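Inspection log for the structure reproduced underneath, given as structure tokens.
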Amino acid sequence: MKRIFTLLLLVAAMTTTTQLKAQDLVKGKLDFLKDVTELGVSFDYNKVTVGTEGKEANYLKRKKAEKEAKEPGTGDKWEESWFADRKKHYEPEFSELFTKYSDIKLTEDSASKYLMVVRTKFIEVGYNVAVSSQKAAVNLEVEIYDRANLKKSICKIMMNDMKGGKGQFATGMRIGDAYAKAGKELGRMVSKKVK
């Protein structure tokens with residue numbers, strides 16, 4: 001009986017230590033940002049997965065076909081909108097909230113010493129229909145590099161299940177709210193760690 005209890009405690013401890021928090025610093029420290037007022041930022045969507053469909057290409061193919069079936073000629077417009085939402089909603093909302101909560105300005109045209117790379121790993125688009133809705137969510141991997149060595153990051157933060165955007169009919173706005181939540185949470189995390 002004592003062995004079973006010990007085994008259960010060991011399993012519980014292993015499970016607890018392997019689960020990531022919503023945002024988790026998995027490599028390095030953030031104290032190097034103490035006197036930093038501006039960071040370069042780059043957004044990467046190269047290996048994003050969407051919902052239950054896996055690769056983004058699978059999702060795009062299905063949605064374009066649905067749009068075309070309902071109204072010919074709208075599939076391509078929908079796809080253009082999907083990609084435009086990155087610059088229109090996701091990136092500015094992430095940057096704005098990060099800056100607000102960390103007091104570190106994010107800018108794509110910065111010549112600052114450090115570069116933050118925000119990699120989108122997963123997007124849950126959510127939905128809003130007449131009687132039901134589900135929040136959008138994103139999983140991000142954030143790494144900060146010294147521009148003198150872009151091959152090895154100084155720190156790495158995983159941001160999982162950043163939810164936002166329940167209630168909006170427009171997909172871009174729903175997902176943009178999830179990026180805003182991620183920017184806010186990361187800004188708060190940086191603010192606490194560098195003081």
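A few remarks follow.
- Residue-averaged 222 nm ellipticity for the chain, from DSSP H runs of 4+ at -39500 (n - 2.57), nearest 500: -13500 deg cm²/dmol
- Asp31 accessible area, assembled protein chains, probe 1.4 Å, Å²: 90
- Residue-level accessible surface for Arg147, protein heavy atoms, 1.4 Å, Å²: 90
- For the chain, the fraction of 1.4 Å probe accessible surface lying on carbon and sulfur atoms is 54 percent.
- Taking the Cα centre of the stretch 82-141 as origin and assigning +1 to Lys and Arg Cβ atoms and -1 to Asp and Glu Cβ atoms, the resulting dipole is close to 60 debye.
- About the centre of its Cα atoms, the chain shows a dipole size close to 820 debye [charges on the beta carbon of Lys, Arg (+1) and Asp, Glu (-1) only; nearest 20 debye].
- Using a probe of 1.4 angstrom and keeping all protein chains present, the accessible surface of the stretch 78-195 works out to 49 square angstrom per residue.
- Relative contact order of the chain, taken over Cα pairs closer than 8 Å and 6 or more residues apart, is 29 percent.
- Across the options Asn139, Val194, Val36, the greatest Cα extent toward the positive end of the charge dipole of the chain (unit charges at beta carbon of Lys, Arg, Asp, Glu) belongs to Val194.
- Surface accessible to a 1.4 Å probe, per residue, for the residues of the stretch 20-74, Å²: 65
- Largest accessible area first, the listed residues Thr171, Thr52, Thr37 line up as Thr52, Thr37, Thr171 when surface is computed with a 1.4 Å probe on the assembled protein chains.
- DSSP beta bridge pairing in the chain, given as percent antiparallel to the nearest 5: 75
- Directionally averaged shadow of the chain, computed from the convex hull of its alpha-carbon atoms, nm²: 15.4
The values are calculated or read from the model by the stated rules, or taken from the named source; none is laboratory data. None of the values given here were measured: they were computed from a predicted structure. In this analysis, Cβ positions are derived from the backbone assuming ideal geometry, glycine residues included, and neighbour counts consider all displayed protein chains. Note: areas computed on protein heavy atoms with side chains; ligands, DNA, RNA excluded. Shrake-Rupley method; radii C 1.70, N 1.55, O 1.52, S 1.80 Å.
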